[in-house]
1. List the number of the failed condition for Gly116; all other conditions in (1) outside any helix (DSSP H, G or I); (2) open to solvent by 70 Å² or more (accessible area, probe 1.4 Å) hold.
2. Only residues that are open to solvent by less than 90 Å² (accessible area, probe 1.4 Å) and at pLDDT 85 or above: list them for the stretch 28-49, please.
3. Restricting the first residue to the stretch 113-134 and requiring it to be touching a residue at least 12 places away in the same chain (Cβ under 8 Å), which pairs with a second residue that is of a type outside the set (Lys, Arg) meet a Cβ separation below 7 Å and a spacing of at least six or different chains?
4. Do we find a residue being modelled with pLDDT of 90 or more, open to solvent by less than 70 Å² (accessible area, probe 1.4 Å) and either in contact with a helix residue (DSSP H, G or I) (Cβ under 9 Å, 6 or more places away or on another chain) or in a helix (DSSP H, G or I) (or both) anywhere in the stretch 88-95?
5. Out of curiosity, is Arg104 at pLDDT below 85, open to solvent by 70 Å² or more (accessible area, probe 1.4 Å) and in a helix (DSSP H, G or I)?
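The values are calculated or read from the model by the stated rules, or taken from the named source; none is laboratory data. Values in this document were obtained by computation on a predicted structure and should not be read as measured data. Note that each Cβ is placed from the backbone with ideal geometry, even for glycine, and that neighbours are counted across all protein chains shown. For the accessible areas, the whole protein counts, side chains as well, though only heavy atoms, and no ligand, DNA or RNA atoms are used. Shrake-Rupley method; radii C 1.70, N 1.55, O 1.52, S 1.80 Å.
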Amino acid sequence: MSRSIDPEPPAPDPAGDALDPTTAVSTSPTVDLATLPIVGLTRRRMAMIAAALLAAWIVVAFARQVAEASEAATRAEDIAGGNAMLGLEVAAMERELEAIGRQRFVEQEARAHGVGGVDEIAFTLAPDPPPLAADAPGSAAVRLGAEVEDVTPLERWLTVLFGPSG
């Protein structure tokens with residue numbers, strides 16, 4: 001870097017206050033700005049900065065593409081898993097359709113709606129039936145000849161479920 005210094009400063013104006021615009025009064029040496037690089041930025045450094053920015057832009061663009069590809073692969077796996085679940089659901093529905101298409105199921109549902117065969121007698125159980133008498137036809141006490149006990153229906157169920165107490 002070279003500096004050019006004016007060897008002789010200009011003489012002061014004899015008129016005093018008036019300054020000539022073509023001559024500048026300077027007490028310090030002057031520096032030619034054309035020879036100084038601007039803030040240390042040369043063409044080479046500008047090219048290096050531009051190349052670094054271009055490389056960073058390429059890396060960011062490539063990273064974005066990789067992220068999008070990864071997301072698409074994850075979505076494809078999710079869709080494949082969903083398709084497998086839907087396939088299982090379709091298979092279950094086909095089995096159900098086959099089951100309800102059988103004659104046994106149709107007859108059972110018909111009986112549930114009170115439409116049975118000609119020789120069948122439709123009946124339903126009352127929602128709150130009274131307990132059976134001890135000597136009711138078909139009761140175990142009458143069939144087996146056992147003694148009749150006065151037991152509530154709850155005690156009978158508990159005996160059936162958990163066995164006799166005592």
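1. (2)
2. Ala47, Ile49
3. So the pair list comes out as Pro131/Pro153; Ala134/Ala141; Ala134/Val148.
4. Yes, the stretch 88-95 contains a residue that is modelled with pLDDT of 90 or more, open to solvent by less than 70 Å² (accessible area, probe 1.4 Å) and either in contact with a helix residue (DSSP H, G or I) (Cβ under 9 Å, 6 or more places away or on another chain) or in a helix (DSSP H, G or I) (or both).
5. So Arg104 fails the test.
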